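The structure under discussion appears below in the form of structure tokens.
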Amino acid sequence: MNYNINSDIEILEFDEIDSTNTLCKELGKTFTKTILVSANSQISGRGRLGRSFISEKGKGIYASLLIKPNINILDVSKVTCVVGVCILETLKEYIKNDLYIKWVNDIYLNDKKICGILTESKISNGIVDYLVIGFGINLYHQIFPKDVNASSIEDQTKIIINKNELLSKIVNRIIEALDNINDDLYVNEFRKHLYYKNELVNLSVQGKEFVGRVIDINDSFELLVELSGSIKNITSGEILKLRKY
Ligand code: BTN
């Protein structure tokens, strides 16, 4: 209902679903055109590293785009970051507050997570069969468990954003970005909004914890961190938290 999407895609809406990403992966076996799955709530919303994503009824966007992009397999690792920029840039149309991207997939507002992105892919014979680009955005008033450092846009700014208008704009941006994934614009915007830049943080890399200083990202969106006096590029892992003394 009430979408304004520039390309010819199929839209499936659910009141409640297990996970929009999980459904897209199932549909990926047979799909012939781009599909957007959006739900009012998810029973088992999934995040990165096996975490769950709280997806309370009517509180936000819980959506996944199933798409066969024309990208090289070497560029698949950039998709989450590029999508982060697409979402952040769209949110800036509504919100004047500073927004940050916590490498690699979370958007923060006032030091609270308001959005998470989960990209999954199927690659065979060196070709990207499909991508599932899932994103959850906390739009409206919501009380999170104490151990979850999240909030909603309404709670942080009092701004109430129309859900389908925002979703349409984001989808339009993502589809355009996938055709231009190596455009400098994305890496530059990510850099500008890199959360914890120049801060000491706790990092988890391949199951081990480190303390390092966030320096920047490189042109492949790898995180550059100063660890024991030298700069290392981190390809997978995550920033756990700001190091406090
Ligand atoms: C994260 O926080 O690590 C990523 C969260 C991604 C959540 C979205 S909500 C829509 C889509 N369906 C899912 O199960 N997950 C993503």
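The values are calculated or read from the model by the stated rules, or taken from the named source; none is laboratory data. Keep in mind that what you see is a predicted model, and the values were worked out from it rather than measured. Cβ atoms come from the backbone with ideal geometry, glycine included; neighbour counts cover every protein chain shown. Heads up: the accessible areas ignore ligands, DNA and RNA and are worked out on the full protein's heavy atoms, side chains in. Shrake-Rupley method; radii C 1.70, N 1.55, O 1.52, S 1.80 Å.
Taking a point 7 Å from the Cα of residue 231 along the Cα-to-Cβ direction, the residues of segment 178-206 with backbone N closer than 20 Å to it are 184-203. Extension gain for residue 164 to residue 98 (0.36 nm times residue separation, less C-alpha to C-alpha distance): 21.5 nm. For segment 49-159, the per residue solvent-accessible surface stands at 42 Å², with DNA, RNA and ligands left out and a 1.4 Å probe.
Placing a pseudo-label 7 Å from each Cα along the Cα-to-Cβ vector at residue 215 and residue 29 gives an inter-label distance of 4.7 nm.
In this simple spin-label approximation, residue 142 and residue 129 carry label points 7 Å from Cα along the Cα→Cβ vector, and these lie 3.1 nm apart.
Taking the Cα centre of segment 166-245 as origin and assigning +1 to Lys and Arg Cβ atoms and -1 to Asp and Glu Cβ atoms, the resulting dipole is close to 500 debye. Placing a label point 7 Å from the Cα of residue 1 along the Cα-to-Cβ direction, the residues of segment 164-185 whose backbone N falls under 17 Å from that point are 164-168. Relative to the Cα centre, the charge distribution of the chain, modelled as +1 at Lys and Arg Cβ and -1 at Asp and Glu Cβ, gives a dipole magnitude of about 680 debye. Highest mean first, the peptides 205-211, 176-182 sorted by other C-beta atoms within 10 Å per residue fall in the order 176-182, 205-211. In terms of accessible area, using a 1.4 Å probe and ignoring ligands and nucleic acids, 129, 183, 147 rank largest first as 147, 183, 129. In terms of packing, defined here as the mean over residues of other Cβ atoms within 10 angstrom, the peptides 49-56, 221-228 line up highest first as 221-228, 49-56. In this view, the solvent-accessible surface of residue 81, computed with a 1.4 Å probe and all protein chains in place, comes to about 0 Å².
Pairs of Cα atoms in the chain fall into 10 Å distance bins, from 0 up to the last occupied one, in shares of 7, 32, 38, 20, 3, 0 percent. A Förster radius of 51 Å combined with the Cβ-Cβ distance from residue 242 to residue 10 puts the calculated FRET efficiency at roughly 0.75.
Of the GluC sites (Glu not before Pro) found in segment 76-153, those in coil by DSSP whose Cβ has at most 13 other Cβ atoms within 10 Å are 93.
Across q = 0.12, 0.13, 0.23, 0.24 Å⁻¹, segment 74-171 modelled as identical point scatterers on its alpha-carbon atoms has Debye log10 I(q)/I(0) values of -0.41, -0.48, -1.22, -1.30, in the order of the q list.
Taking all protein chains together and a 1.4 Å probe, the residues 243, 191 rank 243, 191 from largest to smallest accessible area.
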